[in-house]
1. How about segment A:1-86: which trypsin sites (Lys or Arg not before Pro) there lie in a loop by DSSP and see at most 13 other Cβ atoms within 10 Å?
2. Relative contact order, percent, of segment B:131-227 when contacts are C-alpha pairs under 8 Å separated by at least 6 residues?
3. Cut-off is 10 Å between beta-carbons; in what order do A:MET135, A:MET251, A:MET63 appear when sorted fewest neighbours first?
4. List the lysines whose Cα lies under 28 Å from the Cα of B:LYS62, skipping any in the same chain that are fewer than 8 positions away.
5. Three principal axis extents, largest first, for the C-alpha atoms of segment A:32-293, in Å?
6. Sort out for me the Cα centre separation of segment A:36-87 from segment A:206-243, rounded to whole Å.
7. Which Cα, out of B:LEU140, A:ALA86, B:THR60, lies furthest along the positive dipole direction of the protein assembly as shown (beta carbon charges, K/R +1, D/E -1)?
8. Determine the relative contact order of chain B: mean sequence separation of Cα pairs under 8 Å and six or more apart, normalised by residue count, in whole percent.
Amino acid sequence: MTLRKPKLGVLDALVLVALIAAAVYVFYRVRDGLHYRWEWEAIPQYLLRRDPEIGAWVPNVLMQGFLTTLRLSIWATVLASLIGTAMGLLRLSSSRFRRWVGLAYVELTRNSPSLVLVFIFYYFLGEQWLPSVGMESVLRRQSPETQWLVQALVAPPGMLTAFISAVITLAVLEGAYITEIVRAGVQSIEAGQREAAAALGLTRWQCMRHVLLPQAIQRILPPLGGQFIATIKDSAIVSVISVPELTFRGMELMSSTYLTFETWITITGLYFVLTFGCSMVFARLENAWRRARA
Amino acid sequence: MIRRFAGTALAVMAWIMSISAVASGGELQQKLTEESTVEQVIKRGVLRVGMSTFVPWAMTDKSGNLIGFEIDVASRLAQDMGVKVEFVPTKWAGIIPALLTGKFDVIIGGMGITPQRNLKVNFSIPYDYSGVAIVAHRQLAAGFSRLEDFNRPEVIVTARLGSTSAAAVNKLLPNAQKRFFDDESQVVQELLNGKVHALLAGTPLPTYQALKYPDTLFLPVKGAVTKEPIGFVVRKGDFDTLNFFDSWIRVVEAEGWLAERKAYWFETQNWESLLK
């Protein structure tokens, strides 16, 4: 059987026309039905603005929020991956106690409302775990360079406690899902592989390290990419504890300017940049890993 | 024997404790002073102020800086204390828990003094008075001209969650259906979309919105329907801080500075061009 070259048929044209009609309909509904004055021209200045003092372009509120979301997502995914891998390995352990520790973590986290966890971490555990006043005052006493570095990598001193509890909460939340991804990935490797490794005299750990994990990673990568994307989007929930990330800054901007829809649409676009970027990175990683293993 | 020994030990301990209690009376006072928020702020060199965006009390300008009446007040306060000011924009619904858990030193955020709130936190003397006003949808609330017109089960009103406007809705319009949102912008949008008959919000928001959308919105009742005092909010049990703030407010009030700033932000719109 030879493959036909795809051609634009009547049905395709119909679907296309229907889609365009729907888009036009929505556009007119929004224009006429929604009592709203669009002011798109005001939006670009909230992304970047020209600083008259240094004469250069600097990020404004929305871009600052975007950068905070980026920092938040990177720290949270790194930490979540560590937690997830460690807990995933516990879930695969031969000791019943370790398996139960992993199971308890996954079930307790996955079955609690994320918003509740955010509040609990910020208001209760954050107070005990992070000696906020101490950490903050230590940071304030550092040289301006150190302060600048911490601010560039983490958060300004005033936001440190909120930022760190946000990172921990997100990491713990997403770590539970990564645990299951890691466990399922390793368990999906055929039993013959483990048996062959055992027959060759490999220890359990050697078997995991040299036989199971390298094969499992190929199966783990696609759902892990999905989980990282979910983490970026979930990071918006920490706006409730006033971490100045993209959603929070956007909502503050809306309260000041009432540019409600313009701001929401811009925020959506900015999240898309992050999540789609994450998708592309993972597509490349999968390819690279497949080629390296081939 | 053991029981007798335990009794003696208890008596000795009680005696030691009573002595140390007498000795530490002075120390206690010193400790309280040292632990007061004012002292902490001076030591840290930074006054952390909790606030929430609300035109024209506090808002983000084009350059990403905070401006507004409250921002002026807090900046002058920090300047008079000889420290830097740091603003912590916080969601309104969580602003009191955040103060109680020490995320910032004081709320200067247009918070109205109410007995219910005062049971949880301490208020300074008022540095301002604010009122709640109502703005309504032209088509939906056509012919409504008194507050009582809105107090009917088929009428829907909206306000910001946890605000004094929300309290005013519950108190003044008990029969109306209520819909509360986290942000002022959502409240305004709900009204503009014609999903609700009216919104209640602190002045001057209702007037501004009616001016901005004259075809859609109107002011059924002129002026404010309630009046409430606005104070700084601090944690309980810290009288040094409270006294400092009270005195500061008296000083700037006597100078006429408060009235001058209030006139700039509430009676002119010269700052409008700073926003967008």
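Read-outs throughout are calculated quantities, based only on the coordinates presented, and are distinct from any laboratory measurement. Here the structure is a predicted model, which means the values were calculated and not measured. With ideal geometry, Cβ positions are generated from the backbone for all residues, glycine too; neighbour counts draw on all protein chains shown.
1. On the way: sites: A:ARG4, A:LYS7, A:ARG29, A:ARG31, A:ARG37, A:ARG49, A:ARG50, A:ARG71; in loops: A:ARG4, A:LYS7, A:ARG37.
The qualifying sites are A:ARG4, A:LYS7, A:ARG37.
2. 47 percent
3. Numbers: A:MET135 14, A:MET251 25, A:MET63 19.
With the fewest neighbours first, A:MET135, A:MET251, A:MET63 line up as A:MET135, A:MET63, A:MET251.
4. Leaving aside lysines fewer than 8 places away in the same chain, those within reach of B:LYS62 are A:LYS233, B:LYS84, B:LYS91, B:LYS103, B:LYS212, B:LYS262, B:LYS276.
5. Here the spans come out as 71, 47, 39 Å, largest first.
6. Each part's Cα centre sits 22 Å from the other's.
7. Highest projection toward the positive end goes to A:ALA86.
8. Relative CO of chain B lands at 24 percent.
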